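Please treat every number below as a calculation from the coordinates, not as lab data. Quick caveat: nothing in here was measured; it's all calculated off a predicted structure. As a convention, Cβ positions derive from the backbone with ideal geometry for all residues, glycine included, and neighbour counts pool all protein chains shown.
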Amino acid sequence: MVIGIGETVFDILFKDNTPVKAVPGGSVYNCIISLGRCGVPTEFVSEVGDDRIGRIILEHLRDNNVGSSAVCCFSGGKSPLALAFLNENNDAEYLFYKDYPNNRLEVEFPVIKPGDIVVYGSYFVLNPVLRNKTKAFLEYAHEQGALLFYDINFRQNHVTERIKLAEALIENLELADIVRGSADDFKYLYEMTDAAKIYNEKIKFYYHNFIFTSGGGDVRLFTRGAAATYPVPQVKVVSTVGAGDNFNAGVLYGLVNAGVSREELSQLTAADWDNIISKGLDFSAHACTLIENYVDKEWARNYVKENSL
């Protein structure tokens, strides 16, 4: 089982200032939808408004084989919107519209078992308003023996809060078994862009498995005993909105497909990591060819057939 915890928004994508697509989104949400489309047992922990957009999102989760029993449906607010404006390179600039109630994430968290994977990230697991609840869930997952995958995904609009959020960030790093961060994340957090320096100075103290991505640049992997570099496949980019989220989905699919538990991470060989990272690159490259936030359903079915053990 893969359990995701993160924000849920309704994305409206613009090209040349014209709306071209409207779909449910959110960093961890996009990852979990792609895994659900690949037939991986999944559950999502989040919140939506008790409104039309919230109902669309809940139906979307069900339609993509993702459990929604731990999605809080709140009243007294509205489901958040994200406007994504694609530039000439089809990279997105965002505007967010949020109206949350005072009481949030009033849900019963799913039961975690050894062998499960928990993926978490973005502001949702740093947000002081939610921190007591998200921290308790992550600590519980760690205690139960789950493998924790942390996608930092720190956006520019939170740069002024980075000192206030530093303690929560460190706690998230301490709980993680694998950390994935982008060049933008570390530029905004630490004004650093060198992958090896970031690993040695900011990551290795907490955990040894680190994946560094940089848009169309090489993916860098650092583990306890080795480092590797992977070129990113060249594709005709339609949208980069879900690129990193689907890279995460591919890596998690690789871990699930290989039956890797937290205890087995340290035993992975270079060839094992090559296989896992290659799936992240496959998912991300495919997502970039779509004006959607997740891998295509037919592509997912074919990919599972081709990669079944």
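In table form, for the structure just shown:
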{"item": "Cα pair count fraction exceeding 18 Å, expressed as % - region 120-245", "result": "54"}
{"item": "Flagged links, alpha-carbon separation over 27 Å, of K113/K202; K78/K135; K15/K297; K197/K236; K21/K236; K113/K187", "result": "K113/K202; K197/K236; K113/K187"}
{"item": "Cα gyration tensor shape for the chain, rounded if a/c is under 1.5, else prolate or oblate", "result": "rounded"}
{"item": "Loop sites in region 71-133: GluC sites (Glu not before Pro), DSSP, at most 14 other Cβ within 10 Å", "result": "E88, E106, E108"}
{"item": "Ranked packing of 114-127, 137-150, 156-169, most packed first, by mean Cβ within 10 Å", "result": "114-127, 137-150, 156-169"}
